[in-house]
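Colleague: Here's a structure for you.
FYI, it's all coordinate maths here, none of it is from the lab. Small disclaimer: the values here were computed from a predicted structure and weren't measured. No Cβ is skipped: glycine too gets one built from the backbone with ideal geometry, and neighbour counts run over all protein chains shown.
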Amino acid sequence: MYPATDQHICQVAFSALNAPVLRDWYINVFGLVKSGKIIFFPPATTRVQGIPGAWEKCSWAIDKQDYFQLEFFQFWRPRGQLKSRDWRPCDIGYNMLGIAVDDFDQVLRNVGAFSAIAPPKAAGKAGERRAWVTDPEGNWVEILERDPLGLIEGADTDFVRPEVPAVVRTMRVSVPNLEEARATYVDAMGLQIVEDFQLHSPPDEKYWGLPRAKANSLLVRGANFLLELVEYESPVPGAWPQAYSLADQGIMNIAMGYRSPGDYAQAYAKATGHGMRPNGKVINAGIFDVMYVNDKHGFSVEMLHASRSFWSITGFNPAEGYVVNEIEINAPAAKVWERLTDHAGVGNWTIFQGSILRAGEPDANGKGCIRELSAPGIRITEEVTEWEEGEHYAYQLRSGAPFRRHQGDIYVREDDGRTKVRWAIRFESWIPFSNRLTAWLLQLVFRQALRKLKTRMEAYQPGAQF
């Protein structure tokens, strides 16, 4: 059993030739959620990132977990170097991202649909399959059918957004010296060594183009993330490019996230006390405390305390339309599930009248079912796209509302004889600047619907009609 750790990796950052397109690829392929964008400029960029006079656009995407984001930078000035055609995943740097997914086969199909490449081939047995692909800017990504954190006792596998179908879990780093990398990430940054567990074995090297590679590795972790440090013996890894900068195309760094200013100050003192060199004095803007620190080999780690009150500014909250309602009902989960999935009877607890246009299979209300919902002036059709009997179903809008994209997820879970229901809706309106107003209205409508469902279910008696 590993000791508990409160060290939290809150970010993986990219420097991209076209950051909006790269972010959209991760959103479309893995189902991640848009979470805002901002422009950074001097003197803050010079002080924090150590890039003199940098102007850059930054955008984010979030996954299932709390306090984590993918960050996408596009530098206007200075222009970073493009990734070399000769670059290999053994070359020094942060080199491969690992993402665990709910629907492995769908993600492979998404790769083919949103990339200029065929879907990758999978390796491994069912339930533990993996596949490897490069994103549109040449960064390696490992697709994991099984979440590796679930195999490590004491790891944080709780999700705040279970309806998001992916979670970022790993980073593979090629380092010039394993012992010195251990000093960086364990002694200075506080990550823990993971014993008796491997992310990869030597035969895996062939999947990213290094079939006869020889390397030694060390696996370390925070509460929510695995960092695989690899020292290659052969092939001999390439060094950082001449005049390397964080603005150069590729995976830029990881960030350690802290929950309070006190935690940040303590960790910062430890890191700098163990030889990590900051680019400048910590910026404390009220919204966040932030500074990039660097080890002797040029590896950058961002240290960040982002105040939860401002997560919508710093990209840790959804920026697209996102509505969540949760309620607890004093009734058996099976009865609640039955009521929630009775599409034709939805008028008993919502403002809509329902009917089934096409039955699903094998359950008429299940996957493949197309339902019509109507209210004065409204007529929409939705299709049930996922179905886990008694626990979860998802649906997508097909017609009748001003959305480019709309998905709902309903979860049912019994806990100590009571039933917890979570209803989450993600959408993007085609009416400009209307997402927030629409989300506010939907929040009210569906909150009221769940309250009405609760009242009816808790008044239920066997044999009664409601």
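Colleague: Only bridges whose two residues both fall in region 8-314 count here: according to DSSP, what percent of them are antiparallel, nearest 5?
Modeller: Details: 55 of 74 bridges.
Approximately 75 percent, going by the DSSP bridge assignments.
Colleague: So, one more: Whole-Hz Karplus ³J(HN,Hα) for region 253-260, in order, using 6.51 cos²θ - 1.76 cosθ + 1.60 and θ = phi - 60°, x for Gly and Pro?
Modeller: In residue order, the calculated couplings are 5, 10, 10, 8, x, 10, 8, 8 Hz.
Colleague: Continuing with the same structure: Under a 5 Å amide H to amide H cut-off, with H placed in plane at 1.01 Å, what residues pair with Leu191 once short-range neighbours are removed?
Modeller: Under 5 Å from the amide H of Leu191 lie the amide H atoms of Val186, each far enough along the sequence or on another chain.
Colleague: At most 13 other Cβ atoms within 10 Å and a DSSP loop assignment: could you name the GluC sites (Glu not before Pro) in region 132-178 that fit? Don't skip to the end; give the middle numbers.
Modeller: Working: sites: Glu137, Glu142, Glu145, Glu153, Glu163; in loops: Glu137, Glu145, Glu153, Glu163.
Passing sites in region 132-178 are Glu153.
Colleague: Antiparallel versus total DSSP beta bridges in region 87-215: what percent is that, nearest 5? If you can, show how the numbers build up before the last one.
Modeller: On the way: 14 of 19 bridges.
The antiparallel proportion sits near 75 percent.
Colleague: If you don't mind, another one. Long-range amide H contacts for His392: which residues qualify at under 5 Å (H placed 1.01 Å from N, peptide plane, sequence gap of 5 or more or a different chain)?
Modeller: Those lying under 5 Å, H to H, from His392 are Val412.
Colleague: Across region 333-340, in residue order, what do the Karplus-derived ³J(HN,Hα) couplings come to in whole Hz, using 6.51 cos²θ - 1.76 cosθ + 1.60 with θ = phi - 60° and x for Gly and Pro?
Modeller: With the stated coefficients, region 333-340 comes to 4, 4, 5, 5, 4, 4, 6, 5 Hz.
Colleague: A further question on this structure: Filter the GluC sites (Glu not before Pro) in region 175-268 to those in DSSP coil with at most 11 other Cβ atoms within 10 Å of their Cβ, and list the result.
Modeller: Working: sites: Glu179, Glu180, Glu195, Glu205, Glu228, Glu231, Glu233; in loops: Glu195.
Passing sites in region 175-268 are Glu195.
Colleague: Can you tell me the alpha carbon radius of gyration of region 231-301 divided by the globular rule-of-thumb value 2.2 N^0.38 Å?
Modeller: Values: Rg = 14.7 Å, N = 71, 2.2 N^0.38 = 11.1 Å.
Taking N as the residue count of region 231-301, the ratio is 1.33.
Colleague: Over region 156-198, what per residue volume does the convex hull of the Cα atoms give, in whole Å³?
Modeller: Values: hull volume 5.1 nm³, N = 43.
Each residue corresponds to 119 Å³ of Cα convex hull volume.
Colleague: Can you give me the long-range amide H partners of Cys369? Hydrogens built in the peptide plane at 1.01 Å from N, cutoff under 5 Å, separation of 5 or more residues or another chain.
Modeller: Distant-sequence amide H within range of Cys369: Gly360, Glu361, Val384.
Colleague: Could you pull out the GluC sites (Glu not before Pro) across region 333-417 that fall in loop regions by DSSP (anything but H, G, I, E, B) with no more than 11 other Cβ atoms inside 10 Å? Don't skip to the end; give the middle numbers.
Modeller: Values: sites: Glu338, Glu372, Glu382, Glu383, Glu386, Glu388, Glu389, Glu391, Glu414; in loops: Glu389, Glu391.
The qualifying sites are Glu389.
Colleague: For region 76-221, compute Rh as the Kirkwood radius over C-alpha pairs and then the Stokes-Einstein diffusion coefficient at 37 °C and 0.692 mPa s; write the answer in µm²/s, rounded to an integer.
Modeller: Numbers: Rh = 17.0 Å.
The Stokes-Einstein estimate is 193 µm²/s.
Colleague: So for the chain, averaging the separation of alpha carbon pairs under 8 Å that are six or more residues apart and normalising by length, what relative contact order in percent results?
Modeller: On the way: 1042 pairs, mean separation 69.7, N = 466.
Here the relative contact order equals 15 percent.
Colleague: So what's the chain giving for Cα Rg divided by 2.2 N^0.38 Å, two decimals?
Modeller: 1.05
Colleague: Which value at 222 nm does the chain reach when only helices count, each DSSP H run of 4 or more adding -39,500 (n - 2.57), with the total divided by all residues and rounded to the nearest 500 deg cm²/dmol?
Modeller: Computed ellipticity for the chain at 222 nm equals -5500 deg cm²/dmol.
Colleague: OK, next. Based only on other Cβ atoms within 10 Å, what is the fewest-to-most ordering of Thr341, Thr184?
Modeller: Working: Thr341 22, Thr184 26.
Result, fewest neighbours first: Thr341, Thr184.
Colleague: Another question about this same structure. Just the number: Rg to Rh for region 176-335, Cα atoms, Kirkwood Rh, two decimals.
Modeller: Values: Rg = 20.1 Å, Rh = 18.8 Å.
Result: Rg/Rh = 1.07.
Colleague: While we're on this one: May I ask you to work out the translational diffusion coefficient for region 321-458 at 20 °C, viscosity 1.002 mPa s, via Stokes-Einstein with Rh from the Kirkwood sum over Cα pairs, reported in whole µm²/s? Kindly include the intermediate steps, with their values, before the conclusion.
Modeller: On the way: Rh = 15.2 Å.
For the chosen part, D equals 141 µm²/s.
Colleague: Explain nothing, just compute: Karplus ³J(HN,Hα) = 6.51 cos²θ - 1.76 cosθ + 1.60, θ = phi - 60°, for every residue of region 6-11 in order, whole Hz, x for Gly and Pro.
Modeller: After applying 6.51 cos²θ - 1.76 cosθ + 1.60, I find 9, 5, 10, 8, 10, 6 Hz.
Colleague: Report, in whole Å, the centroid distance computed from the Cα atoms of region 1-74 and region 167-192.
Modeller: One Cα centre to the other: 19 Å.
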